[in-house]
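The values are calculated or read from the model by the stated rules, or taken from the named source; none is laboratory data. Keep in mind that what you see is a predicted model, and the values were worked out from it rather than measured. Cβ sites come from the backbone with ideal geometry, for glycine too, and all protein chains shown count toward neighbours.
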Amino acid sequence: MLSSTLKEMTMRNFSIQKTILIPIAFGILLTGCKRYSSDFGDTNVNPAATTSPILSALLTNVEAGIGGYGAQTRGGLYCQYFSETQYTDVSLYSIPQVSFEGEYSGSLNDLQNIINTNTSNNMTQLARILKAYIFSTITDRWGDVPYSQALKGDITPAFDKQENIYRGCMQELTQAVAAFNTSSSISGDVLYGGDVAKWKKMANTLRMRLAIQVSKRFPASNAWAAGEFRAALADAGGSITANTDNFEVKYPGGNFRSPWYAMYETRKDYGESDRMVATVGALGDGRQSAFGSSNQGVPYGRVRGFVDPWTQANPNWARILSDANRQQNSSVVLVSAAETHLLRAEAADRGWTTENMNALYQVGIAVSFAQWGLSAPDAAYYSQSGVALATAAGTGANIRNIATQQYIAAYPDGLRGWSIWRRTGFPVLTPAPDAVNASRQIPRRYTYGTTSYATNTTAVTAAASAIGGDTQDTKVWWDQ
Amino acid sequence: MRKFASLFTMLMLFTALAFGQTRTITGTVVDENGVSIPGASVQLKGARTGVAADNTGTFRLQAKAGDVLVVSGAGLEITEFTVGADNTVRIQASRVIAAGGEVIVTSGYGIRKSLRNVSSNAQVVTAEQLNTIRQTNLNNALAGKVSGIQVRSQSSAKLGSTGSIRLRGESGFGGGQGILYVVDGTILPNPNDINLDDIEDVTVLQGPAAAAIFGPQGAGGAIVMTLKKAKKGQKGIGVDVNLGVQNDKVYVLPNYQNSYAGGGVGDLMKYTWQPGHPESWKRLDGKYYHDYADDASWGPRMVGQEYIPWYSWYDGNRYSGTTAKLLPQPNNARDYYNTGVMLNNSVSVSKATDNTNIRMSFGNIDQKGLIPKSSLKKNTFSMIASVDVTEKLTAAINFNYITQIVKGQFDDGYSNQTTGSFNQWFHRNLDMGIMKELKDVRTASGIMASWNHLNPTAYNPSNTRQFYAGNYWYNFYSFFDQLKPVTQTDRYYGDISLSYKISESLRIKGTYRKQNNNVWSEQTVSSDLQQGATQSGYLASYSTSTSNSNRTNMELLITYNKKIGDFTIGATGGTDILRQLIKGNSANTVNGLNVPNLFTIGNSKDQPSVGNSRSDYRYSAIYTTGNVSYKNFLNADFTLRQDWMSDLPPSKSFIISKSVGASFIFSELLKWQPLSFGKLRATLGQIPTGIGTYVYPGFAYGVGSVQWNGNFLMGTPDQLVDPNIRGSVTSQKEIGIDLRFLKNRLGASVTYWTGDDKDFPTSIPINGASGYTSLRTNAGLITKRGYNLQFMGRPVWGKNLKWEVNATWGILSENKVVTISDDGKDDTRIAIEGLWGSTGPYMVHQEGRQWGQIFGNGIKRINGQPVLDANGAYVNDPNVFFGSALPKHTGGFQTQVEYKGFILNANADWQIGGKFFSLSNMWGSFSGLTARTAVLNDKGNPIRDIVANGGGVHVFGVDANGNKVDKYVGAQDYFHNLYYSKTFDPYVYDLTFVKLREVSVGYTLPIKKWGVNWAQRAVLSLVARNPILIYAKTNDFDPSEISNISGEAGNMPGTRGLGANLKISF
């Protein structure tokens, strides 16, 4: 019944539609397209994102990850703080192809974004300091890397000479310290809580570190490096002299945990090396109680077939850091009061300053102990030959013991330890007995990663030839 | 009525022309199976006119004895029949398979036309060809059957996996462009969300010339499926039942060594009981064990000596405290897998009357997988119906619903708990039978027993878990009991339409189309897994996600068909307005669970991680397509489409796709008897592409879901977006010739095509030192050219014996990255995909080379000679090009032999060229599992013997100065050094293979002889899937099933299936 009615209705209308329908249809077709076509309103606006950066959130993002620089195992394996417990390729010096690009597109570009946006002067200065810190760790690992053309959206940035990167970083630190004011606020700073005074101290100590790091190239007390050191030391902002001012990451635990804690959650790839245990043990140094979970260091630089059965037969082998210092909410220290004092002692030894070398040295050691919650060692510790500074300041003759103390104080920051060793040669390290690289020597740098070769071929090839070959045996500029 | 009227007029005409003896002949046209063929045309030989059979295949015409009737029609062999004395005749006409010019090609929006009038090399696969063995995977079912297609299948252990297809090489600067799957006009993101029994035919449209009507979506080509509709005049009640069962077994596995046991220590070690050790271990005092903790097989030679197996250390099983003989277990990896069982059943009902037709189907697939605890259950429902409301108005509905539940973990990445162990980190002496038997063995404190526990030297009475728990691995059977992923998918799609015939030549149709998909998935990882191993990385967890994607199209289509004199004009104009909304929510626990084995997000140890995603996309398109034919032998066709797209910058929001072509059926003019059909054709097309939702203007900052003491986190976006980004074009042109000889007994098609992708809007990985990792811009130029060849032949075509062969061959002569960026920068290479980061060989695009180079760390060479260092290790070269991932040649060969009631079908496919990197073999050799780690050297000694005793691997080459080096290196050092020095040449393989993919032998049961009247037809078939991998350049994998574009990291094994199928038509 229904269908026949429908049929009748449609039949009746056909004659009309025949003449009208076609124009209508085309009309719909054209107006429909016009209406729907050119204007999609906010269809293409991403509902899950904002288009303007929130600087505090960028800063927190960088600071949440910066502890990683103090917990890099590769540097620690090269400088023999650590041993590999099962897969021993890094400590056997297999080719260190690591890419630095992620550090640029990650933290460095967040910092650059803060600097470029520049809505708060003090946040800009803070970002410059962090940027200088990260760049210094990058160039210490690879040598020449992109710097002056980096972070500008230039997709094939040239590589800069390490000397220019060092000069650039020190200049950034100097300018940032000078440019801090009292009026602009800092938010999102989970390291120093926006305390400008502390940032100035950190920047000055870092400037001293960089100046000392290039001392092989500029040894003279009237040369550029010594001048930088003295300027940093003399800066009104001061430097880190108390552990309460340390540049450190205090992890809240939970979703942000100490990397040393996370390292052992479901793996056990690394331990404190037997070499480190021996170095500290030779001095009867109480800091070993903090450095490892036991005094049984893992044999260094041995093949899997040796070390794997060894760790099984010695199940209490030393994990990196004592249990108390390896909690979810433990800290990772990046620049410390101990470092300031020991750098100043070294500067005095080099004749760059006329400060009291011995006093600074002993305070540096005591502050290092205190950093781990340990009381200062007794006088016998300081007087033993492996510690005492026997020669007068100003000659550089005390470098062995000063460097060794810097090396111990920097533990477990492997990048620091490796840089101190490369700069000074102390403590004396013997290469891995089972090394697999052709030279069988401890690597002096990382080789450029495949990412550089894939996306910045011309620039990396030029850099490789400029530094004298992209090998792990090539010394970076300050190491030459 | 009108049809009858015209028929009557013609009959009158015949009567007038005819002589006295003519009489009325009533006939029926039927196919080989006796099913009547509607609409066939019947002509008196020599006469210019004829009649058409009606919907039941019946015709009437005037003829006299001795006259020859010629029957022809779409998809039919031209058949001649001599009139005899009978007034009633039955003419059997054979259906042809893709033979002449009568194949129907389907493009977008349901537009179907005869292949005669198509200027591109559209290839059609019919239901019979597609379902040689009733595949459940569309991509696999097309392998070898279409020229220019590369099917990248996946192991059938990965239930529900679709694999992927390349048409005429690859485009773009990513990992590949992907192709469009279309079912009756609806875009289908998952080609397996369909019951393959419902498919009438599949048209494969390669290149922009063929697929322009789809606009930007079709830039990579399209696979267009047409579903079966009810047909008038079928015999019986229209019910088809299809019952199938198939068993799958592991077929291709890597070649393992079977001489040396597990561990990193070459000798058995003596166990000495000590105070503090369990009392039960006293029985083992003085016995020997191999290194259990190292998951490698550099252990002692297996010669049947007594040893303590892994399970003896666990109390409470029947092997506790016992020893066994150390013997090879050559089949342990193979033994692990189940025999997969698949039931594939479907039923369809169809009915057509004068003004309605309806087809309904139900399909059910029930699969038990090769991996324990894995299963797939899929139900498909389909209904296609149309009703002619009036003579002019037709309403139609097309509704498909698919629901699928897949259980099981199919991880085929590095360190997965099947191949990730068997092929990479494993003990060759493990007995899988005992492994299975002991899957529930636990210690008193509930720790699951593992073959990879530590050595007894590590036993510590105060921390027994340290010893008993697995070091890296679990008992494989226990693992799959404890990890439970489920994914449920519910998809419906289809359309409702109204079409109206304004006049004989003009029709209008409106369609509302929907494609909606809901996915729900969750995974639980038990607390027992967290406890059961110390270094597996598994923490107890729960994760869940739901997502919905929803596409709505509103389409209007006007078609005009008119014959004016010698010209036939067909034109279509239409609009298509789309909105696509995708929304999803996900959550997972972080850092473990508070209450063991309580699986809720709220039970997360730390703040759970949550995510939600939304995307909104629209386009509006108008298009027109059509063709003009002159006397049915000269033909021109064109397509023009304009898209306005929401993802493009508003100032340039529209882009235009176009194609134009022509064909010339020269056989019509030539009239040369042996040539049944000959066509020359040429076409060219251009399709632009969009840029992706929310890409422009870019620079959007998201907020992290966890906070640091109340401070929230935000990262600077890593992608730069070119402010001038625009949609841009991929173009192709092709010329071809189609020839059929000797009444279609022999045929060939040759197509040469050439094209380029220019200024592709693409995301180019850039050097991170710029501050960004990718740049979305219009980039580069890729040029491609190649040939598509198709051959067919019917060596025997008799009444009882029919033999048909088809072959396809696609040649990819060039698929070259000419430039990547034209801004003068030296970004000549972009990295795409790596299985082991960029340490292992990975895939890049390199200016001046073929698309998809496998590139990276290899052996340094001087004048072709490998360079060796002082230790006899190869020296690294980080810039080695190993070759393109694309095979140069692909093809297939199908044959069908029909003899009386028997029918044999076979399909083989092959490819030549293309490279891949095997991470499995890299680690498998590092850890002494692969056969190559236990061969004899050229002195006839085992390479694992020490060098001083004549063992070692013989290495040749030169030193850094080019001086000859020739020495022996210890086997373990040699294979370890390959990794340490990052010299991976031995692990880059070739994708060349020849594979017999499908075989079926069917028998049409003589049910009529048996007196069965309730069924029309019954066919019983025995089928085999992947029966023989005839040739592969690497023996360790099935090269047709490599998991990733650049290689594999833990490929699942190749499998072989055997089954049976019964199809009954009622």
Any idea which of B:Gly163, B:Gly172, B:Gly176 is at pLDDT 90 or above and at positive phi? B:Gly163
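The rows are residues; the columns are (1) modelled with pLDDT of 90 or more; (2) over 30 Å from the mean Cα position of the chain (by Cα).
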| position | (1), (2) |
| --- | --- |
| B:Asp637 | yes, yes |
| B:Ser653 | no, yes |
| B:Gly661 | yes, yes |
| B:Lys671 | no, yes |
| B:Pro674 | yes, yes |
| B:Phe677 | yes, yes |
| B:Thr683 | yes, no |
In segment A:403-450, how many are polar (S, T, N, Q) and assigned to a loop (DSSP other than H, G, I, E, B)? 4
Of all residues in segment B:704-717 being surrounded by fewer than 18 Cβ atoms within 10 Å (Cβ to Cβ) and at the interface with chain A (Cβ under 7 Å from one of its Cβ atoms), which is farthest from A:Gln328 (Cα to Cα)? B:Phe712
The correct count of residues that are out of contact with any Phe, Trp or Tyr (no Cβ under 9 Å at 6 or more places or on another chain), among the aliphatic types (A, V, I, L, M) and more than 10 Å from chain B (Cβ to nearest Cβ) in segment A:308-329 is 1
Yes or no: B:Tyr472 in contact (Cβ under 8 Å) with a residue 40 or more places away in the chain and closer than 19 Å to B:Ala157 by Cβ? no
Which of the residues that make up segment A:80-112 are among the aromatic types (Phe, Trp, Tyr) and more than 7 Å from every other protein chain (Cβ to nearest Cβ)? A:Tyr81, A:Phe82, A:Tyr87, A:Tyr93, A:Phe100
Inspect segment B:516-529 for any residue being under 30 Å from B:Tyr414 (Cα atoms), within 14 Å of another protein chain (Cβ to nearest Cβ) and part of a strand (DSSP E or B) and give the result as yes or no. yes
Spot the failing condition for B:Ser1000; the list is (1) surrounded by fewer than 18 Cβ atoms within 10 Å (Cβ to Cβ); (2) among the hydroxyl-bearing types (Ser, Thr, Tyr); (3) closer than 30 Å to B:Gly238 by Cβ, and only one is missed. (1)
Of the residues A:Phe229, A:Phe218, only one is crowded, with 17+ Cβ neighbours inside 10 Å, in a loop (DSSP other than H, G, I, E, B) and away from chain B (no Cβ under 14 Å); which? A:Phe218
Which helices (runs of 4 or more DSSP H) does segment A:259-341 wholly contain that include 3 or more residues that are closer than 30 Å to B:His976 by Cβ? A:259-263, A:274-282, A:304-313
Can you go through B:Thr568, B:Thr589 and tell me which one is over 37 Å from the mean Cα position of the chain (by Cα) and not hydrophobic (A, V, I, L, M, F, W, C)? B:Thr568
Among the candidates A:Ala466, A:Ala397, A:Ala462, single out the residue that is closer than 23 Å to B:Val875 by Cα, surrounded by fewer than 17 Cβ atoms within 10 Å (Cβ to Cβ), away from chain B (no Cβ under 14 Å) and touching a residue at least 24 places away in the same chain (Cβ under 8 Å). A:Ala466
Only one residue in B:Phe638, B:Phe677 is more than 14 Å from chain A (Cβ to nearest Cβ), touching a helix residue (DSSP H, G or I) at 6+ places or on another chain (Cβ under 6 Å) and either aromatic (Phe, Trp, Tyr) or not in a strand (DSSP E or B) (or both), so which one is that? B:Phe677
Evaluate segment A:152-165: report whether one residue or more is within 26 Å of A:Ala64 (Cα to Cα) and not in a helix (DSSP H, G or I). yes
Only unsatisfied item for B:Ser813, checking (1) part of a loop (DSSP other than H, G, I, E, B); (2) under 25 Å from the mean Cα position of the chain (by Cα); (3) not basic (Lys, Arg), is (1)
In segment B:530-546, which residues are within 14 Å of another protein chain (Cβ to nearest Cβ) and either of a type in the set (Gly, Ala, Ser) or part of a strand (DSSP E or B) (or both)? B:Gly532, B:Ala533, B:Ser536, B:Gly537, B:Ala540, B:Ser541
In this structure, does B:Tyr500 turn out to be in contact with a strand residue (DSSP E or B) (Cβ under 7 Å, 6 or more places away or on another chain), under 30 Å from B:Ser161 (Cβ atoms) and among the hydroxyl-bearing types (Ser, Thr, Tyr)? no
Of all the residues that make up segment B:942-985, how many are hydrophobic (A, V, I, L, M, F, W, C), away from chain A (no Cβ under 14 Å) and assigned to a loop (DSSP other than H, G, I, E, B)? 1
Answer from B:Val818, B:Val844 - the residue that is part of a strand (DSSP E or B), within 27 Å of A:Pro157 (Cβ to Cβ) and either among the acidic types (Asp, Glu) or more than 12 Å from chain A (Cβ to nearest Cβ) (or both): B:Val818
What residue, of B:Asp412, B:Asp490, B:Asp495, is in contact with a strand residue (DSSP E or B) (Cβ under 9 Å, 6 or more places away or on another chain), acidic (Asp, Glu) and not in a strand (DSSP E or B)? B:Asp412
Based on what the data block shows, is B:Ile1042 touching a residue at least 60 places away in the same chain (Cβ under 8 Å) and either touching a His at 6+ places or on another chain (Cβ under 7 Å) or surrounded by fewer than 18 Cβ atoms within 10 Å (Cβ to Cβ) (or both)? no
When (1) crowded, with 21+ Cβ neighbours inside 10 Å; (2) closer than 16 Å to B:Lys915 by Cα; (3) among the hydrophobic types (A, V, I, L, M, F, W, C) are applied to B:Ala1032, the one that fails is (1)
Filtering segment B:324-367 down to residues that are of a type in the set (Lys, Arg) and either surrounded by 21 or more Cβ atoms within 10 Å (Cβ to Cβ) or more than 20 Å from B:Phe479 (Cβ to Cβ) (or both), which residue is modelled with the lowest pLDDT? B:Lys351
Checked against (1) under 30 Å from B:Asp722 (Cα atoms); (2) within 12 Å of chain B (Cβ to nearest Cβ); (3) crowded, with 23+ Cβ neighbours inside 10 Å, A:Trp142 satisfies every condition except (1)
Answer from B:Asp248, B:Asp240 - the residue that is in contact with a strand residue (DSSP E or B) (Cβ under 8 Å, 6 or more places away or on another chain), acidic (Asp, Glu) and more than 30 Å from B:Arg932 (Cα to Cα): B:Asp240
Just to check your reading of the model, which residue among A:Ala158, A:Ala178 is of a type in the set (Gly, Ala, Ser) and more than 14 Å from chain B (Cβ to nearest Cβ)? A:Ala178
Verdict on B:Ala1018 being farther than 26 Å from B:Thr890 by Cβ and buried (at least 16 other Cβ atoms within 10 Å of the Cβ): yes
From the residues in segment B:288-309 that are within 11 Å of B:Asn429 (Cβ to Cβ) and within 14 Å of chain A (Cβ to nearest Cβ), which one is nearest to the chain's Cα centre (by Cα)? B:Ser297
